[in-house]
Amino acid sequence: MNNRNNALLLFSKFPRPGKVKTRLTTLKDGVFSPEDAAELYEAMLLDVVDVCMAAFAQLEKAAAARRGDSPLCSLGSLGSLGSEPGADATGAPSDTYELVISVAPAEDIEPMRTLIAEECTTPFTVTFITDAGTSFDEHYNDAFAQVWQRGADCILSMGADMPALTVDDVVRGFEALHELDANDAGGIVLAPDQEMGVSIIGWTKSTAFDHNGVFYNPTGLTVLPAYIAKARDARIDAIYLPPVPDVDTMADLMHNVTLVEALGYCAVCGRGMAPVHTMAKLEDLGIDEVRVMPNALMDPREAIDALDT
């Protein structure tokens, strides 16, 4: 195989008020209006797309360094060359990268295409599809099937509500897939979220795997152990990636606020990439930092410190 097609499959919704992040709104148990929650989701989505583009550039730069030439951005559909065809000096395939954004329902594809075109710099190919089914399992299977049919050799998938996603997370994901691609039976990669689920999941084309029984597990397993149980039963190789938290509840959001603040400061120091859209929206909402009541409780150390030693 001289060329390897890599797809990052991003599951998303168009940021329509009342249709996204409703658990953050007063419609449920949150504090935000549906409009603010939708704008926050849009900000997270745009940051995730920006991270994916930066990761693709880093991956191509590394491949170019191995070849000893300059990287070229992929300009066509999946299978178009992002670099000169043929293996690099290490004998590895030449890799191309494409972002596939899956949007449901189908009528939201064009609004999403317009949003991404207007708000993101996307030098790599961005393709829009819609996924269908009667359950999350079926929706995920349908989207994966469409991307395989487009010629993908490796798929890394994630959601769009992860403002703390880093370039390194995406790069590590594809590097792990490439490691597994050397196996005839392939393998899966997965990163946990903060609540027994997964935030990133992917596998190679040769891997006999699917999402059946994961989101609707008949024995009550949550998503992460359900994926592991499927891999164990099928004796499929797996690589564990560092956890990446997403945002579903107010508690999730508060945790991510602290992460976003940290990422922003590290970016000022020249270390990494700031989630600028999310930072701006959190500041607009007045929740760009998290504080709790001071805790006066402490361990009673007097007796310990007073002991003769």
Dipole magnitude of the chain about its Cα centre, charges +1 at Lys/Arg Cβ and -1 at Asp/Glu Cβ only, in debye to the nearest 20? 620 debye
Could you give the accessible area per residue of segment 165-292, probe 1.4 Å, as a whole number in Å²? 50 Å²
Across the chain, how many lysine pairs separated by 8 or more positions, or lying on different chains, have Cα atoms within less than 30 Å? 12
Using a 1.4 Å probe on the protein chains only, how many percent of the accessible area of segment 152-226 belongs to carbon and sulfur? 50 percent
How big is the chain along each principal axis, measuring the range of its Cα positions in Å and listing the largest first? 69, 58, 47
Counting helices only, and only those DSSP H runs with n ≥ 4, report the 222 nm mean residue ellipticity of the chain as the sum of -39,500 (n - 2.57) divided by its residues, in deg cm²/dmol to the nearest 500. -12500 deg cm²/dmol
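What does the charge count around V147 come to, taking other residues whose C-beta lies under 12 Å from its C-beta (Lys +1, Arg +1, Asp -1, Glu -1)?
Taking every other residue near V147 into account, the sum is -2.
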Between the alpha carbon centres of segment 25-53 and segment 229-278 the gap in Å comes to 16 Å
Have a look at the DSSP beta bridges in the chain and tell me what percent are antiparallel, nearest 5. 30 percent
Taking every DSSP beta bridge with both residues inside segment 139-281, roughly what % is antiparallel (nearest 5)? 75 percent
How big is the accessible area of S135 in square angstrom, nearest 10, if you roll a 1.4 angstrom probe over the protein chains? 20 Å²
Report F209's accessible area, 1.4 Å probe, all protein chains in place, as a number in Å² to the nearest 10. 30 Å²
Debye intensity ratio I(q)/I(0), log10, segment 154-309, q values 0.12, 0.16, 0.17 Å⁻¹ (C-alpha model): -0.67, -0.92, -0.99
Just need the Rg to Rh number for segment 231-285, please, alpha carbons only, Kirkwood Rh. 1.18
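The values are calculated or read from the model by the stated rules, or taken from the named source; none is laboratory data. For clarity, every value in this text was computed on a predicted model and none was experimentally measured. Please note: Cβ atoms are built from the backbone with ideal geometry, for glycine as well, and neighbour counts cover all protein chains shown. Each accessible area value is taken on the protein alone, full model and side chains, heavy atoms only, with ligands, DNA and RNA left out. Shrake-Rupley method; radii C 1.70, N 1.55, O 1.52, S 1.80 Å.
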